[in-house]
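Structure first, commentary second.
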Amino acid sequence: MEFFRFRNLRKPAVCSAMLLLLSVALCACGHERIRTPEENMTARTGIQKEFDTFCNEIFREELADADTLSLHYTLLNPETCGIEPAEVSLGTCSFVDMVKDHGEIRTFRDRLSGFSEEDLTEDQQLLYDALMETLNTGLMASGLELYKQPLAPTIGVQAQLPILLAEYPFTDTGDVEDYLALICDLDRYYEEILVFENQKADAGLAPSDASIDAILESCRSYLIDPETNFLTETFCEKLAALQDSGALSEDQATVLNLRHQEAIRKYFIPAYESLIRGMTALKGRGLNDGGLAGFKDGKKYYEYLLRSGPGLSYSVPELKAALTSRIQEDYLAITDLFSRYPSLTDHISAPFTLTDPERILEDLKQKMANDFPALPDCRYEIRYVPKYLEQSLSPAFYLTAPLDDPDRNTIYINNGYSDATDGLYTTLAHEGFPGHLYQTVYCQVHASHPLLSLLGCSGANEGWATYVENYACTSDNGLPPGVGEYRALSRSFSLCVHGILDIGINYDGWSKEQAAEFITSCFQADRATIDELWQVMIDNPTNYLEYCGGYVEIMEMRKEAEETLRNRFSLPEFHRFLLDTGPVPFSVTRRYFKIWLTKQEKTPAAQTSAA
């Protein structure tokens, strides 16, 4: 799963287009003569240029104000875009700043509304819609700032940040200094998070003791040996690369290694020790042992999370209906599968033919060639989660490449999970080709404006990766007949069950007994599994819906396209539409899907099949 995400938009850019549009609006109220078509075209061209300027200013200002990690993972060389980085910092987690952000977003949205979509190009209209949806969604959290959860067992800041630091790219000695400064900023940053967590507790929104215990377990995994750990290992590797390029001498590298060890000892470890003490002190203050629905505005915040994370087009009732329908379809399909393959039970656990990561990724690239648009060759690196962090991190994840270096792709594999080897083929389809890596690089190459890269939608990303993971299951992958299809259906069924469980606990307010009854009605589960699922949903509300919700959105669009176009349906063109639209919120994708589908209906059959 993708870990880096740019934060909400801040500090809106002032654009002279607003003055232009205001003057046009005022003139329209008088007795101005009717403009000729040529004059209208000139006016639209001017507005389109103003919109481009507007978006360029947003892009530059957002990155100039970004925390150092976000900026560096987005652009390796920001100065080439006219961006002067701010002071090195991990950012803020301040209630006051969150409130201020919402005020600025509201002002920014009002300015954006001044542009008429009809005057923009098709590409600009897509950017306008994605930007407007992002801003409107951000405002849904106004007044709900204290519901934010910066800490969580596996996807919280405390779990993700060290890996992002370990992978921080070094292109010169300036990057090394910035990296060291970030480690030294860790204690300040975590102290700010603790202040925020205490404000939450004062408002009756403290996490339960069970949630705190899981967070503490994650924090303890980072109480590392200052001299021998995954950070020092990757730091030495990156310094060695600088030495090889001639940017660093051996003596300089020695000094930097000593400074790094001192930073780990003096700042990194104490920051986690402080976080452990601070969160331990909050135990006993949690007033709700259940999901978000147990808080006063929990359901309202959950609706915001659905829009801001998964980015789904459904209302909550519509989402439950869509997930339930998919569960029923999957169940019937599995039943039919066993009737078609009587010996399927004997082969369900059959292994994939390939188990080497490099060979799997190359095989996937070949298999997808006929069904997905071509992509320029891009490099990638496979790394493994350090053994002592295996229990704290996800089964696998992909770190996005910077916009100005699409070859800097990293896939992490976590061998701490029982199916790490058996499921590696589909895991790499999810994280690599045609999953996150492929989708990310394709969208970066084809995006009409770099601002689209800052408006990512996790549901569109994870929904796509889940969709292509099931595609890989049913490709020619060496599994016995029916096994791949069974695994795809089972994964879909399981994810949608998890999605219903998430909604039940966090929106409908299910008790633990109600959750247990639902779980056992869907599949066999002992008490330990029920307890684990209960806690996972509480600690990570809407997280599963990024996968199953996004997947169901895509499957519904594909089904509609297949039923409408019938033998004229082109799978490669459907995939091209999704990729060209980009990982935008599904409310936007659905709108453009209708347009695409209408165009496909009008396209001659021979041209559609040849596309």
Are there any pairs, at least 6 apart or on different chains, whose C-beta atoms fall under 8 Å, with the first in the stretch 399-417 and open to solvent by 10 Å² or more (accessible area, probe 1.4 Å) and the second of a type in the set (Gly, Ala, Ser) and outside any strand (DSSP E or B), and if so, which?
Leu403/Ser453; Asp407/Ala401; Arg408/Ala401
Unmet requirement for Val441, which otherwise passes all of (1) surrounded by fewer than 23 Cβ atoms within 10 Å (Cβ to Cβ); (2) in contact with a helix residue (DSSP H, G or I) (Cβ under 9 Å, 6 or more places away or on another chain):
(2)
Test: Tyr547 is within 19 Å of the chain's Cα centre (by Cα), buried (at least 18 other Cβ atoms within 10 Å of the Cβ) and modelled with pLDDT of 95 or more
yes
Within the stretch 586-597, does at least one residue satisfy the condition of being open to solvent by 60 Å² or more (accessible area, probe 1.4 Å), assigned to a helix (DSSP H, G or I) and within 30 Å of Lys299 (Cα to Cα)?
yes
Can you go through Ser494, Ser511 and tell me which one is more than 17 Å from Gly463 (Cα to Cα), out of contact with any His (no Cβ under 6 Å at 6 or more places or on another chain) and surrounded by fewer than 22 Cβ atoms within 10 Å (Cβ to Cβ)?
Ser511
Please go through the stretch 418-437 and give me each residue that is of a type outside the set (A, V, I, L, M) and buried (at least 22 other Cβ atoms within 10 Å of the Cβ), ordered by number.
Tyr425, Thr426, Thr427, His430, Glu431, Gly432, Phe433, Pro434, Gly435, His436
Of all residues in the stretch 301-325, count the ones that are part of a helix (DSSP H, G or I) and either buried (at least 21 other Cβ atoms within 10 Å of the Cβ) or not basic (Lys, Arg) (or both).
17
Here are Thr603, Thr529, Thr542, Thr564: which of them is under 29 Å from Ala206 (Cα atoms) and either surrounded by fewer than 19 Cβ atoms within 10 Å (Cβ to Cβ) or free of Cβ contacts under 8 Å to residues at least 40 places away in the same chain (or both)?
Thr529
Filter the stretch 566-585 down to the residues that are of a type outside the set (D, E, K, R), part of a helix (DSSP H, G or I) and within 25 Å of Leu375 (Cβ to Cβ) and list them by number.
Leu571, Pro572, Phe574, His575, Phe577, Leu578, Leu579, Thr581
Could you please give the count of residues in the stretch 112-139 that are closer than 11 Å to Phe51 by Cα, in contact (Cβ under 8 Å) with a residue 24 or more places away in the chain, open to solvent by 10 Å² or more (accessible area, probe 1.4 Å) and assigned to a helix (DSSP H, G or I)?
3
Restricting attention to the stretch 440-487, and to residues there that are in contact with a strand residue (DSSP E or B) (Cβ under 9 Å, 6 or more places away or on another chain) and polar (S, T, N, Q), which single residue is farthest from Ala130 (Cα to Cα)?
Thr440
Where a residue in the stretch 339-357 is basic (Lys, Arg) and its partner, wherever it lies, is open to solvent by less than 80 Å² (accessible area, probe 1.4 Å), with Cβ under 8 Å and at least six apart
Arg340/Gly482
The one condition in (1) surrounded by fewer than 11 Cβ atoms within 10 Å (Cβ to Cβ); (2) part of a helix (DSSP H, G or I) that Pro342 fails to fulfil:
(2)
Scanning the stretch 245-262 residue by residue, those part of a helix (DSSP H, G or I) and either within 30 Å of the chain's Cα centre (by Cα) or over 17 Å from Leu165 (Cβ atoms) (or both) turn out to be Glu250, Asp251, Gln252, Ala253, Thr254, Val255, Leu258
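Restricting attention to the stretch 238-251, does a residue exist that is small (Gly, Ala, Ser), closer than 14 Å to Tyr168 by Cβ and surrounded by 17 or more Cβ atoms within 10 Å (Cβ to Cβ)?
Let us first name the residues in the stretch 238-251 that are small (Gly, Ala, Ser), namely 240-241, 245-247, 249.
Retained after the next criterion (residues that are closer than 14 Å to Tyr168 by Cβ): 241.
Cutting the leftovers down to surrounded by 17 or more Cβ atoms within 10 Å (Cβ to Cβ) gives us none.
Checking the stretch 238-251: not a single residue is small (Gly, Ala, Ser), closer than 14 Å to Tyr168 by Cβ and surrounded by 17 or more Cβ atoms within 10 Å (Cβ to Cβ).
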All but one of (1) out of contact with any His (no Cβ under 8 Å at 6 or more places or on another chain); (2) buried (at least 23 other Cβ atoms within 10 Å of the Cβ); (3) among the aliphatic types (A, V, I, L, M) hold for Ala465; which doesn't?
(1)
Is it the case that some residue within the stretch 498-508 is touching a Lys or Arg at 6+ places or on another chain (Cβ under 9 Å), of a type in the set (Val, Ile, Thr) and open to solvent by 10 Å² or more (accessible area, probe 1.4 Å)?
yes
It is to be established whether one or more residues within the stretch 191-202 are part of a helix (DSSP H, G or I), touching a residue at least 12 places away in the same chain (Cβ under 8 Å) and within 30 Å of Tyr417 (Cβ to Cβ).
yes
All positions within the stretch 518-529 that are under 18 Å from Phe493 (Cβ atoms) and assigned to a helix (DSSP H, G or I)
Phe518, Ile519, Thr520, Ser521, Cys522, Thr529
List pairs: first in the stretch 278-300 and in contact (Cβ under 8 Å) with a residue 60 or more places away in the chain and open to solvent by less than 50 Å² (accessible area, probe 1.4 Å), second β-branched (Val, Ile, Thr) and not in a loop (DSSP other than H, G, I, E, B), Cβ under 6 Å, 6+ apart or cross-chain?
Met279/Ile212; Met279/Ile215; Gly291/Ile505; Gly291/Ile538
Of (1) in a loop (DSSP other than H, G, I, E, B); (2) over 25 Å from Ala214 (Cβ atoms), Pro153 satisfies every one except (2)
Could you tell me which numbered condition Thr228 fails, if it satisfies all but one of (1) open to solvent by less than 30 Å² (accessible area, probe 1.4 Å); (2) modelled with pLDDT under 95?
(1)
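This table checks each residue for (1) under 30 Å from Gly298 (Cα atoms); (2) modelled with pLDDT of 95 or more; (3) out of contact with any helix residue (DSSP H, G or I) (no Cβ under 8 Å at 6 or more places or on another chain).
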residue: Ile193; (1), (2), (3): yes, yes, no
residue: Asp209; (1), (2), (3): yes, yes, yes
residue: Cys236; (1), (2), (3): no, yes, no
residue: Ala240; (1), (2), (3): no, yes, no
residue: Arg259; (1), (2), (3): no, yes, no
Of the residues Leu90, Leu120, Leu131, which is modelled with pLDDT of 95 or more and more than 26 Å from the chain's Cα centre (by Cα)?
Leu120
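The values are calculated or read from the model by the stated rules, or taken from the named source; none is laboratory data. This is a predicted model, so every value here is computed, not measured. Every residue, glycine among them, receives a Cβ derived from its backbone with ideal geometry; neighbour counts consider all protein chains shown. Heavy atoms of the whole protein, side chains included, go into the accessibility calculation; ligands, DNA and RNA do not. Shrake-Rupley method; radii C 1.70, N 1.55, O 1.52, S 1.80 Å.
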